[in-house]
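The values are calculated or read from the model by the stated rules, or taken from the named source; none is laboratory data. Every value quoted in this text rests on a predicted model; they were computed, and no experiment measured them. Cβ placement follows ideal geometry from the backbone for every residue including glycine, while neighbour counts extend to all protein chains displayed. Areas reflect the complete protein model, heavy atoms only, side chains present, ligands, DNA and RNA absent. Shrake-Rupley method; radii C 1.70, N 1.55, O 1.52, S 1.80 Å.
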Amino acid sequence: MRISYETEFRLKVILIVLFFGLFIFRIVYYPILTHKSVPYGVAAPKGQIVLLENITLGNHTWKNAVDMEEHLILKGSEDYGNSILLEIQTPGWCADVAFWDGEKFIVNEKCRRKLSISKYFFVITSAMYWYVEPGYHLIFYRPDGKPEEYELVNFTVTYGEKTDWGAFKVAYGKE
């Protein structure tokens, strides 16, 4: 059985269009569809208002401070080592790291502007969000003087070669 010239021409055109369509899909759309971004950075806080509290953990007390246990959320899916560098940018502010050792609270970093925190300080979920491990506390405070209402506190977090910023505004609760 012989194919007519018109049918043969149509089949060649369809094959050429199909070939170029697959070629364009492979070159342009396939990388876009299969791209998996590597998230990294500070998910929260990014400018939220956080209430100042008087915090007591065992025999340690902080006045007008913020416990970042409930507020600090990082995101990341690659392993760049075992430590994260947190640096407070706002002058006058510092942070303490406290943890529960099973019997009492221990403060092992006192009033530091640069903190090297173990990545095991965080619980890493399957969605690659990092939450502060229960029992660990990262407490931001101003050691000298009272914080101003809606004062902005900036910090950076560096993990490996990647750095991102975080910030929150402090406010006093109703009395």
(request) Just need the relative contact order of region 127-175 here, percent rounded to a whole number, with Cα pairs under 8 Å and 6+ apart. (result) 30
(request) Please work out how much accessible surface D96 shows to a 1.4 Å probe, ignoring ligands, DNA and RNA, in Å² rounded to 10. (result) 10
(request) Leaving ligands, DNA and RNA out of it, rank V170, V17 by accessible area with a 1.4 Å probe, largest first. (result) V17, V170
(message) With every protein chain left in place and a probe of 1.4 Å, what is the accessible surface of S126, to the nearest 10 Å²?
(response) 120
(request) Can you send over the solvent-accessible area of V97, 1.4 Å probe, protein chains only, in Å² to the nearest 10? (result) 10
(message) How big is the dipole moment of the chain about its Cα centre under a simple scheme where the beta carbon of each Lys and Arg is +1, that of each Asp and Glu is -1, and everything else is neutral? Debye, nearest 20, please.
(response) 780
(request) Compare F121, F19 by solvent-accessible area with a 1.4 Å probe and give them largest first, with all protein chains kept in place. (result) F19, F121
(request) Counting helices only, and only those DSSP H runs with n ≥ 4, report the 222 nm mean residue ellipticity of the chain as the sum of -39,500 (n - 2.57) divided by its residues, in deg cm²/dmol to the nearest 500. (result) -4500 deg cm²/dmol
(message) List the residues, sorted by chain then number, that are 5 or more residues from Q89 or on another chain and whose placed amide H is less than 5 Å from its amide H.
(response) N154, F155, T156
(message) Taking only the Cα atoms of the chain, how large is their convex hull per residue, in Å³?
(response) 194
(request) Give a residue-ordered list of calculated ³J(HN,Hα) values for region 41-50 (Karplus: 6.51 cos²θ - 1.76 cosθ + 1.60, θ = phi - 60°; whole Hz; x for Gly, Pro). (result) x, 8, 7, 7, x, 10, x, 5, 8, 10
(request) At most 11 other Cβ atoms within 10 Å plus a DSSP loop assignment makes a site exposed; report the longest stretch of the chain without any exposed trypsin sites (Lys or Arg not before Pro). (result) 105-173
(request) Can you sort M68, M1, M128 by 1.4 Å-probe accessible area, starting with the largest? (result) M1, M128, M68
(request) Whole Å is fine, so just give me how far the alpha carbon centre of region 77-100 lies from that of region 135-175. (result) 11
(request) Scan around E133 for amide H atoms under 5 Å from its own, H built in the peptide plane at 1.01 Å from N, and keep only partners 5 or more places away or cross-chain. (result) F122, V123
(request) Report the FRET efficiency, 1/(1 + (r/R0)^6), for F25 and N154, where r is their Cβ-Cβ distance and R0 is 41 Å, rounded to 0.05. (result) 0.35
